[in-house]
Amino acid sequence: MLTQATQILKKYFGYESFRSGQDEIIRRVLNGEHTVGIMPTGGGKSLCYQVPALLKEGMTLVISPLISLMKDQVDALLQNGISATYLSSALSGTEIQERMNEVQSGLYKLVYVAPERLESPSFIDEIKDLPISLVAIDEAHCISQWGHDFRPSYLRIHYMIHQLSSNPVLLALTATATPQVQRDICHLLQIPEENMIVTGFGRSNLSFSVMKGQDRNEFLLSYLHQNPNESGIIYTLTRKTAEQLYEKLKKKGLSVGKYHAGLSSSERDKQQELFINDEIKIMVATNAFGMGIDKSNVRFVIHYGMPKNMESYYQEAGRAGRDGIESECILLFSELDVAVQRFFIEQLGSSDHHKNQETQKLYQMKEYCYTENCLQRWILSYFGEDRNEDCGKCSNCRDERTLTDVTKEAQMVLSCLIRLKERFGKTMLAQVLIGSSNKKVMEFGFQKLPTYGLLKSRSLKDVTNFIDFLTSEQYIGVSGGQFPILFVTDKGKQVLLGNEKVYRKEALKAVKIAAKDELFEILREVRKRIAIEAGVPPFVIFSDETLRDMCAKTPQTLIELKGVKGVGSLKLEKYGDVFIEAIQSFLHEHPEYTPTIEEKKEKKKKAGSENSHLQSYEAYKSGMSIDEIAKKREYARTTIENHLIRCIAEGMEFNWNKIFTEEQEKMIEKAVEEVGSEYVKPIKELLPDDISYFMIKAWVERRKLHEDV
Ligand code: ADP
Ligand code: MG
Ligand code: ZN
């Protein structure tokens, strides 16, 4: 049964193999067992019902909570040549009736339905005798009142299923479920708990970072400046900050949008649409944004402020990298965030017990910001999953910054704070330290303090940053809500007494997510053009992962393109030529092209790294043609050619007659005499078409070798 499923996976979705958990869930569903699947965001839950839907008789009903999400999923299925539709309140009455008629006539394999529809008795009547073989419940945590997105209509699912005469298999799926919610899902859908499949919570393509004691605006701007072409979300704690940050980034000429509950719903829809269609790259938003965003190519999620708990953080951060490509989740922490979140908790109209729970979670969130251990491991252990390996790429694992002893400056700041009688905030403290003649400073007579101007060689910003650093390291405490007041903590007092030293790390630097790859940028443009014509979001045409695999494999024929991740047969037919043409003309312009993105590294790993070219050489020596080797090793022809070129450069033996004829050799030699051998393209232009880049490169490498001798 699974072989058939694998064929479907390749044919319609263009993927070679199932991910962890998918195969087990699909096997069970095909076996007729009701199943609950818990898989992280981006784990590939949709395929768990889409593949069985194609293998089972009749149709699959999918309950999905968000209209925008249904629409994107249906678009994506149609692009893959799978018949699907959705029924939601966004459609008019006549549209619904039309679609319903089509559903009844068996036109669709998959039908997406919003849960609210289940409350209509006439709807249940219309579907109860249809040949529904599978009911998939996406975002199944919405059924539980303990979950964070409880939807009362989800409670109707069980009733509906009982009305269906076809006795369908149930599959409930979710990413975010605490054990309590998991049990609730099983209980409310009457699925035995042992039918639950939980894959790990880990997201190996995400790199987590926490930045604290550093200027967050500076970091943010530098980050965005270095990654101008990438799509990302910036979460703020309040609407006000979202607005301010939006204005600021816009002024800097960045491609940004905004989203928060203070905007009208049509404005929010518009902003969301622009973001999904890659019309704007960066979304500045409060936590109101994100549910129902399946956009797969979000490369970074930056939290401009600490969220209220780990559950929220992981869910929001998890919106990065659904396509499996390396992506970043950065939390820009300030000690003041804790005060803001505590204030929010105070405002909750709930019981003390609940408030205590929330406060507890808040402190765990803060702990995350302070841990010096692997962040990925910390998160997983929070969700009850123990790993015995560090991720090697979070900001703690990667931290090699050197420490500087700043005890003396710290003592200056702390003693000045004491002189201010611990009654002022950060700005006043900084002003006194730099010896500002600001009116307020004068009014209070602070110019007479012995600590006045102790740091006068520094800028106000510098000193403010340093105070933030001391606060984040808890030498300075913060009290009060709206106008926070600073005080010296017990830890700070030890510094004043000379019992403790203060070390500061260099600032965390913003880095580029991926080196710019020219071919990738071109393919992105091609994709966008097609998407606009087809009226769907770009990632529905091909994911970033697929484009990157194209860069790595540089396919130049339809057969080669078929070997690229995520290229199913319908898309191959529809878009294959356009992409191949783009790749060919690019390679023609840039014969020296080598992909700069990580697929290349991955491929290297896969091939047993260093000696991959030797394997190609062995195969070539044994008499196989380059095309045969490429096919067998699942590489593009050009990759094998490059392997062989490398072997030539390393002085290995070759039967030259197999590469070029004597006559061709002479022609190459003549061309090289004319234009030199530094660049391949001008040589190629002087020669007939049947002399390939490979022949030229081989000839040039061989000559170099002889020259060296
Ligand atoms: P989830 O609903 O679990 O968050 P999705 O179903 O939206 O995740 O899938 C996330 C991404 O992973 C999609 O781009 C999807 O095409 C891709 N994907 C799913 N299964 C596979 C697979 N077996 N191989 C490669 N990519 C996959
Ligand atoms: Mg999903
Ligand atoms: Zn780590």
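The values are calculated or read from the model by the stated rules, or taken from the named source; none is laboratory data. None of these values were measured; they are calculated from a predicted model. No Cβ is skipped: glycine too gets one built from the backbone with ideal geometry, and neighbour counts run over all protein chains shown. Surface areas here come from the heavy atoms of the whole protein model, side chains and all, with no ligands, DNA or RNA. Shrake-Rupley method; radii C 1.70, N 1.55, O 1.52, S 1.80 Å.
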Which of the lysines could a cross-linker bridge to Lys681, judged by Cα under 24 Å and excluding same-chain residues fewer than eight apart? Lys516, Lys553, Lys600, Lys658, Lys666, Lys670, Lys697, Lys704
Using helices alone, what [θ] at 222 nm do you get for the chain, with -39,500 (n - 2.57) per DSSP H run of 4 or more residues, divided over all residues and rounded to the nearest 500? -14500 deg cm²/dmol
Evaluate the stretch 602-708: find the radius of gyration of its Cα atoms, find its Kirkwood radius, and give the ratio Rg to Rh. 0.98
So if we plug the beta-carbon distance of Lys128 and Glu521 into 1/(1 + (r/R0)^6) with R0 = 51 Å, what FRET efficiency do we get, rounded to 0.05? 0.50
Relative contact order (%) - the stretch 464-597, alpha-carbon pairs under 8 angstrom, separation at least six: 19
Across the stretch 403-505, what fraction of all alpha-carbon pairs, as a whole percent, falls in each successive 5 Å bin from zero upward? 3, 13, 26, 26, 20, 9, 3, 0
Do me a favour and compute the ellipsoid semi-axes for the stretch 1-99 from its Cα gyration tensor, root of five times each eigenvalue, largest one first, whole Å. 25, 15, 14
One finds the C-alpha centres of the stretch 621-676 and the stretch 26-98 to be spaced, in Å, by 49
Just add up the charged neighbours of His162: K/R +1, D/E -1, any other residue whose Cβ is under 13 Å from the Cβ of His162. +2
Pop out the carbon and sulfur fraction of the accessible area of the stretch 518-589 as a percent, whole number, probe 1.4 Å. 53
Given the stretch 2-198, what whole percent of its Cα pairs are spread farther than 31 Å? 11
Accessible solvent surface per residue of the stretch 518-589, calculated while the other protein chains remain in place, 1.4 angstrom probe, Å²: 40
Could you calculate the FRET efficiency of Val675 with Arg458 from 1/(1 + (r/R0)^6), where r is the beta carbon distance between them and R0 is 51 Å, rounded to 0.05? 0.30
Tally up the carbon and sulfur contribution to the accessible surface of the stretch 206-382 as a whole percent, 1.4 Å probe, everything protein left in place. 45
Could you order peptides 561-573, 262-274 by the average number of other Cβ atoms within 10 Å of their residues, highest first? 561-573, 262-274
Peptides 362-368, 548-554, 411-417, 335-341 ordered by average Cβ neighbours within 10 Å, highest first: 548-554, 411-417, 335-341, 362-368
Tyr593 accessible area, 1.4 Å probe, all protein chains in place, Å² to nearest 10: 40
When the solvent-accessible surface of protein heavy atoms is calculated with a 1.4 angstrom probe, in what order do Asp294, Asp627 fall, highest first? Asp627, Asp294
At q = 0.11, 0.13 1/Å the base-10 log of I(q)/I(0) from the Debye formula over the alpha-carbon atoms of the stretch 479-551 is -0.59, -0.61
Given a cut-off of 30 Å, name the pairs among Lys308/Lys408; Lys295/Lys574; Lys45/Lys355; Lys565/Lys684 whose C-alpha atoms lie farther apart than that in the structure shown. Lys308/Lys408; Lys45/Lys355; Lys565/Lys684
Projected-area mean, the stretch 206-382, by convex hull of Cα positions, square nanometres: 10.4
Using a 1.4 angstrom probe on heavy atoms only, work out the carbon and sulfur share of the accessible area of the stretch 602-708 in %. 48
Before anything else, pin down the relative contact order of the chain: Cα pairs under 8 Å, at least 6 apart, normalised by residue count, whole percent. 11
Residue-normalised accessible area of the stretch 602-708, expressed per residue, 1.4 Å probe, Å²: 61
Using a Förster distance of 51 angstrom, determine the FRET efficiency expected from the C-beta separation of Met442 and Ala261, and round it to 0.05. 0.70
Would you kindly state how much longer the chain becomes between Thr427 and Ser222 on full extension, computed as 0.36 nm times their sequence separation minus their alpha carbon distance, in nm to one decimal? 71.4 nm
Quick one: which of 398-406, 694-702 comes out on top by average Cβ neighbours within 10 Å, and what's the full order, highest first? 694-702, 398-406
Express as a percent, rounded to the nearest 5, the fraction of DSSP beta bridges in the chain (both residues included) that run antiparallel. 10
How much of Met442 can a 1.4 Å solvent probe reach, expressed as accessible area in Å² and rounded to 10? 70
Kindly report the accessible area of the stretch 2-198 per residue (heavy atoms of protein chains, probe 1.4 Å, no ligands, DNA or RNA), in Å². 40
From the C-alpha coordinates alone, can you work out the Kirkwood hydrodynamic radius of the chain, in Å? 29.2
